[in-house]
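Everything below concerns the one structure shown next.
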Amino acid sequence: MINPWSSKQYFDYNKLKKDFGIEDTDDYFDNYLFKRHLIFGQRSLDYIEYAINNKMKFNAVTGLMPSGHMHLGNKVTIDQLIYFQSLGADVFITVADLESYATRNIPLEKAKEIAINEYIANYISMGLKPCRIYFQSNDSDTQGLSFILSNETNMSELKAIYGLDDSSSILHVNSPIIQASDVLHSQLKKFGGAAPTIVPVGVDQDPHIRLMRDIAQRLRIYNVKIENNRIAVYIKGKDDPHKYIDNAVDVLGKNHYETEKNYEYRSINIKNSTANDKIKIDLLLANEEKDYNNFTFIGPSATFQRLETGLKGGKMSSSVPDSLIALNDSEEDATRKIKHAVTGGRKTVEEQKQFGGNPDICPVFELYNYHVKDDDYVQRVYDECKGGARMCGPCKKEAAENISMFLKNLRDKKDESLSKLNDYLINKSF
Ligand code: SF4
């Protein structure tokens with residue numbers, strides 16, 4: 001079981017992909033995070049690819065928990081968000097201030113200050129363009145939608161997914177629904193309606209993704225399925241299906257699909273379709289459906305990123321400050337932490353020269369791999385390390401110079417970024 005609330009998990013990514021049906025990311029996007037497999041898996045990324053290729057609206061959604069410091073390990077999510085925004089995504093970001101109050105006792109005013117200074121200012125300095133950032137404590141759209149979504153699941157399902165039992169906090173019952181609402185509200189009519197939505201996450205969040213995909217599907221009237229390599233559409237609910245079937249057939253006909261309708265079985269067979277038509281037909285029918293369903297959603301897509309290793313080995317953790325580099329760290333602090341990082345190097349320089357180092361287990365190499373975009377440069381670091389031409393001391397110094405340059409750039413831009421906050425924040429919390 002993957003537990004989204006545990007901070008002590010290490011993952012065998014290949015096993016997770018197999019056990020939970022997470023798919024490969026190969027060949028999706030010409031971006032270093034994908035090419036280097038730092039994003040190791042995905043769910044229905046083909047919807048996002050389809051939206052981009054067809055110049056359709058799509059959303060990218062994430063959340064931040066305002067506690068502690070934003071650090072390099074959190075940065076990949078924002079790198080993805082900025083990348084998807086550059087491809088046309090409308091970006092939505094939740095500030096989970098109520099959650100940080102409930103779980104970490106952080107007062108809302110303090111959470112607001114942390115969110116702005118530690119996270120949002122850095123997002124803007126990293127290149128995030130204006131988008132919708134909202135505080136959970138003061139957002140009626142997501143609060144109202146949570147109410148609707150909570151009607152689509154029950155305790156036995158939550159127990160099966162999350163391992164909840166009778167002693168579980170009600171907050172743990174509410175939390176997945178709130179997260180589903182944070183993601184799905186981006187598809188409410190007021191924000192443009194049903195649209196493919198990408199959620200970049202760590203794999204520990206996959207249970208939430210699976211649940212919100214199921215809930216989105218349950219709220220649909222048109223259920224689009226692949227059957228024998230053709231598309232079939234089923235009409236859910238108990239209403240008279242004539243209107244839904246006739247309207248769908250009309251829309252499909254305008255898009256050159258030949259259909260066979262069956263009112264008794266509440267279904268439409270699309271005779272000249274193949275499995276490849278599923279996304280197109282699903283999006284066509286979602287667009288049709290939203291005229292009579294206020295809560296029409298496309299199941300969110302997800303990318304899953306590999307966790308960056310802490311500088312002390314193991315996980316980056318705020319309880320071990322030297323395991324991570326915070327984005328508000330000084331260059332001196334970052335350099336000191338990198339200098340004392342564990343490496344994949346040999347015991348002696350002679351051995352390193354003779355046998356080479358092991359960048360595959362080296363957190364210093366990860367600093368290059370996760371945070372330097374130049375593929376040739378990162379490949380050279382890898383090859384030099386493996387081939388024994390690179391020693392750990394100078395390699396750490398070089399990594400520290402790269403990271404320091406990045407941190408200095410953020411600090412230099414911070415005042416300007418703070419002056420732009422009004423282009424991003426749509427409410428100001430309690
Ligand atoms: S040379 Fe660099 S990449 Fe290789 S093991 Fe040492 S610190 Fe890591």
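The values are calculated or read from the model by the stated rules, or taken from the named source; none is laboratory data. Quick caveat: nothing in here was measured; it's all calculated off a predicted structure. Virtual Cβ from ideal backbone geometry, glycine too; neighbours counted across all protein chains shown.
Observations on the structure shown:
- Applying the set (1) in contact (Cβ under 8 Å) with a residue 12 or more places away in the chain; (2) within 12 Å of the ligand (Cβ to nearest atom); (3) small (Gly, Ala, Ser) to Ser417 leaves exactly one unmet item: (2).
- Test: residue in region 294-307 that is surrounded by fewer than 18 Cβ atoms within 10 Å (Cβ to Cβ) and over 26 Å from Phe40 (Cα atoms): yes
- Counting only strands (runs of 3 or more DSSP E) wholly contained in region 184-285, the ones carrying 1 or more residues that are modelled with pLDDT under 95 occupy 197-202.
- Filter result (under 22 Å from Lys337 (Cβ atoms) and either within 9 Å of the ligand (Cβ to nearest atom) or small (Gly, Ala, Ser) (or both)) within region 387-402: Arg390, Met391, Cys392, Gly393, Pro394, Cys395, Lys396, Glu398, Ala399, Ala400
- Per-region count, region 222-234, residues within 30 Å of Asp182 (Cβ to Cβ) and crowded, with 21+ Cβ neighbours inside 10 Å: 3
- The residues in region 29-51 that are closer than 18 Å to Pro300 by Cα and surrounded by fewer than 18 Cβ atoms within 10 Å (Cβ to Cβ) can be counted, and the count is 1.
- Boolean, Lys347 is surrounded by fewer than 18 Cβ atoms within 10 Å (Cβ to Cβ) and more than 11 Å from the ligand (Cβ to nearest atom): yes
- In the condition set (1) crowded, with 20+ Cβ neighbours inside 10 Å; (2) acidic (Asp, Glu); (3) within 8 Å of the ligand (Cβ to nearest atom), Glu384 is compliant with all but (1).
- Inside region 366-381, residues that are over 22 Å from Thr335 (Cα atoms) and within 10 Å of the ligand (Cβ to nearest atom) make up a count of 0.
- Lone unmet requirement of (1) among the β-branched types (Val, Ile, Thr); (2) under 22 Å from His37 (Cα atoms); (3) surrounded by 16 or more Cβ atoms within 10 Å (Cβ to Cβ) for Ile338: (2)
- Residue that is surrounded by the most Cβ atoms within 10 Å (Cβ to Cβ), among those in region 387-405 that are assigned to a helix (DSSP H, G or I) and basic (Lys, Arg): Lys396
- Reported count of residues in region 301-349, each being more than 23 Å from Ala115 (Cα to Cα) and of a type outside the set (Phe, Trp, Tyr), is 25.
- Within region 324-344, residues that are farther than 17 Å from Asn74 by Cα sit with their Cβ atoms under 6 Å from residues that are modelled with pLDDT under 95 and away from the ligand (no atom under 15 Å from the Cβ), at 6+ positions apart or across chains, in these pairs: Lys337/Asp322.
- Ser67 falls short on exactly one of the conditions (1) over 18 Å from the mean Cα position of the chain (by Cα); (2) of a type in the set (S, T, N, Q); (3) part of a helix (DSSP H, G or I), and that condition is (3).
- Some residue of region 168-182 being farther than 26 Å from Leu108 by Cα, more than 19 Å from the chain's Cα centre (by Cα) and surrounded by 15 or more Cβ atoms within 10 Å (Cβ to Cβ): no
- Verdict on Pro363 being within 16 Å of the ligand (Cβ to nearest atom) and not acidic (Asp, Glu): yes
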